[in-house]
Amino acid sequence: MSSNESPTIKAFDSEAIRAGNFALGIDHEKVARETDSLMARMSLAQKINEIRGSQPKPIEGLYYAGGDDSLGLAPWKMVDGPRGARAGTATAFPVAIARAASFDADLERRVGGAIGLEVAARGGNVLLAPTINLLRHPGWGRAQETYSEDPYHTGVMGLAFVCGAQNHVLTSPKHFALNNLENTRFELSSEIDARSLHEVYLPHFKRCVVEGGAASVMSAYNKLNGVYCGEQRLLLDEILREDWGFRGFVESDWFLGTRSTAPALNAGLDIEMPAAFRFADDKLEEALACGELTEELIHRSARRSVYQKIAWQLTPDGVAGRPRPDPEVVECREHVALAREAAEKSIVLLKNEAEVLPLCAGPGVSIAVVGDLANLANLGDRGSSMVTPSFVSKPLQAIESAAAGATVEYFESHVDLARLADFDVAIVVAGLTYRDEGEFIPTAQQEAEDTGFARGGDRVDLDLPLPQRDLIERAAASAKRIVVVLQGGSAIVVRDWIDRVDGLLLTWYGGQEGGTALARVLFGEVSPSGRLPVSIPRNMDQLMPWDVTALIVEHDLLPGYRWLDHHRQEVEFPFGFGLGYTTFEIEDLRMMRGHDSFLCHVDVRNTGAQRGATVVQLYVSCRDSRVFRVEKELKGFGRVELAPGATVTLEIEVEDTDLRFYDADSGGWELEECRYEFRVGSSSADLPLAAEWRREEGEWRKSNP
Ligand code: BGC
């Protein structure tokens, strides 16, 4: 079919993503008037009540803040988190980095919507998510909570989540900003220059705030350039409010997120969570008495909270004048199906030697399932993002039921694996658990010391734990054919054993439907279509230095593939990489000028024999720049699902504003006059299509081919 005849789809449909987001329909003039008239009736004590949480521990998952019946002001009821509602039981979605691997913004919008609805059904009105700290290094303990090592990708997914969730509740993108090392998070200073901050570490926050109308933002525990983020005026006042026009409130991260009284309020922190310590009456009185603090500042922060309550038409029962949703929506059939869809789309096929996958499940086939993780509900970390579903589909049971025609036998990790030689194929489920990576909870450290198990925190290296590597090696020594299913929340180095296995699937922490999704991929009901949102190096030395005890960490323009490109490192699996059971042709790049943007069209054809999806990726390189530029940067992507033989034209729009660099000297963004190379393909390392445009004397010109 020629390109003219194939239907055109948009890689990113901003209108569809933003649909139903309550924040985008607010009449700000009216809200401002109502807020001011209410504020005029509030005493200082009533204002103070609005700027702090009400009790240190949550009640049924809800953290309360503010609220006053006599004023008709309902309290904030805040609920974690990024992979589901942490309030009672709830649908456990795959972790965010897994969903990020789908490169499917519409899916993320729907997941955000489902989590938001469940939070509302549990009585909450603020969702403490998404986590959008850029994955500076894959060893970060909370890597699983965030999306990616790329700011554009993180921005699209974060925005989609915010928009979906804000159909039902307020969101709070976190942790603002540069929170990307766990073990020292309470003391760490993230050091950064203005250009790296604006170009790499903040654009995704900006998207959530400016395009998504995120109603609140959570500040980070760490310092930024030596000042705690909860009292960092540059972040909370200058960038967030003055530059981006943020109208919401900033709440601190819990306990140690508020470090002072007057400096925090002065800098623009509004609500101390989860309870009054630094914003306790005596502290505020003291600060007022000595002149460090003014009543005007308390008014300012209280007003930001009240403003959002009025804007969102908050009632004790819900937002937007709607009643609290029926609890039946929690883990309803649609949400569980969505969790499965997300898990399926997140699975990344990394190796498929001699097409070992998909497996046949017919009579006479024998399958060994190996490893303790095959029989474990491995949902990810047990910090604030933990979710408790009422049931979990585990790999072993899901494989057994999907392969009912075949013989399936289970081998635990510690048993002799010599008998694997008798089976057609061995599926080894290996990886990490909450003990290996996750949020660092100080109280959990005691348990760690008592039990001798590490619990959460950063990873010192990216290898599998020794017993897991040993399991794979022992299975590989006996099995005829071996497929490794890796679970974990970030990059895992596979160099030691990858050459000894036939198939490799990265399934992350796949949520409560993870087992079913895995079985459907293993047996070919769906073709895997996930793509890596994090580069997998051959070894840690390929990456930037990593020290989990660091108290000062320098940030620059080079996280993730930017660093690897710059240092000419060839990795094991590049950013954006993933295989499937079918094949795609991406061809005929056409580029047109739109209104202040480029419209890039490519034809995508499923050339294989099975339905499947691919992710078309567009990267831009700037040549002849007068400043340092990284080798290339992701500026657009689109997931395309097609029946065999079908073709579509994909349109990726790249706005001129996305081609600018941040000029620290002038403190502004500049669209430079230089050459721009646009490259398109199926991963950061496979970009066969290219077009070049020059910007000269304020005009765009296509370079000669
Ligand atoms: C985490 C936040 C979380 C909060 C409330 C903090 O320790 O860093 O991400 O939202 O706890 O549970």
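Some observations on this one:
- Residues in the range 147-187 that are among the basic types (Lys, Arg) and either assigned to a loop (DSSP other than H, G, I, E, B) or away from the ligand (no atom under 13 Å from the Cβ) (or both): Arg185 alone.
- Output for the range 62-79, where each listed residue is crowded, with 23+ Cβ neighbours inside 10 Å, within 16 Å of the ligand (Cβ to nearest atom) and closer than 17 Å to Asp270 by Cα: Tyr63, Ala65, Trp76, Lys77, Met78
- Residue within the range 129-146 that is of a type in the set (A, V, I, L, M), modelled with pLDDT of 95 or more, within 16 Å of the ligand (Cβ to nearest atom) and within 15 Å of Pro325 (Cβ to Cβ) present: no
- Residue in the range 152-171 that is of a type in the set (S, T, N, Q), within 21 Å of the chain's Cα centre (by Cα) and under 24 Å from Asp658 (Cα atoms) present: yes
- One residue alone among Gly431, Gly438, Gly380, Gly371 is touching a helix residue (DSSP H, G or I) at 6+ places or on another chain (Cβ under 9 Å), closer than 20 Å to Ala519 by Cβ and within 16 Å of the ligand (Cβ to nearest atom), and that residue is Gly380.
- Each residue in the range 205-223 was checked for being within 16 Å of the ligand (Cβ to nearest atom) and not small (Gly, Ala, Ser), and 7 pass.
- Enumeration of residues in the range 35-54 that are surrounded by fewer than 15 Cβ atoms within 10 Å (Cβ to Cβ) and assigned to a helix (DSSP H, G or I): Asp36, Ser37, Leu44, Ala45
- Every residue from the range 80-100 that is under 30 Å from Ser529 (Cβ atoms), in a loop (DSSP other than H, G, I, E, B) and either in contact with a strand residue (DSSP E or B) (Cβ under 9 Å, 6 or more places away or on another chain) or within 15 Å of the ligand (Cβ to nearest atom) (or both): Asp80, Gly81, Pro82, Arg83, Gly84, Ala85, Arg86, Ala90, Ala92, Val95
- Filter pass, Glu108 being part of a helix (DSSP H, G or I) and in contact with a Phe, Trp or Tyr (Cβ under 7 Å, 6 or more places away or on another chain): yes
- Positions within the range 349-382 being surrounded by fewer than 23 Cβ atoms within 10 Å (Cβ to Cβ), in contact with an Asp or Glu (Cβ under 6 Å, 6 or more places away or on another chain) and in a loop (DSSP other than H, G, I, E, B), in sequence order: Val356, Val365
- When we screen Val126, Val111, Val119 for residues that are within 16 Å of the ligand (Cβ to nearest atom) and touching a residue at least 60 places away in the same chain (Cβ under 8 Å), the only hit is Val126.
- Qualifying position, being over 34 Å from the mean Cα position of the chain (by Cα) and crowded, with 17+ Cβ neighbours inside 10 Å, among Ala287, Ala302, Ala276, Ala311: Ala287
The values are calculated or read from the model by the stated rules, or taken from the named source; none is laboratory data. What you see is a predicted model; the values in this text were computed from it and never measured. When we count neighbours, we look across all protein chains shown, and the Cβ atoms used for this are built from the backbone with ideal geometry, even at glycine.
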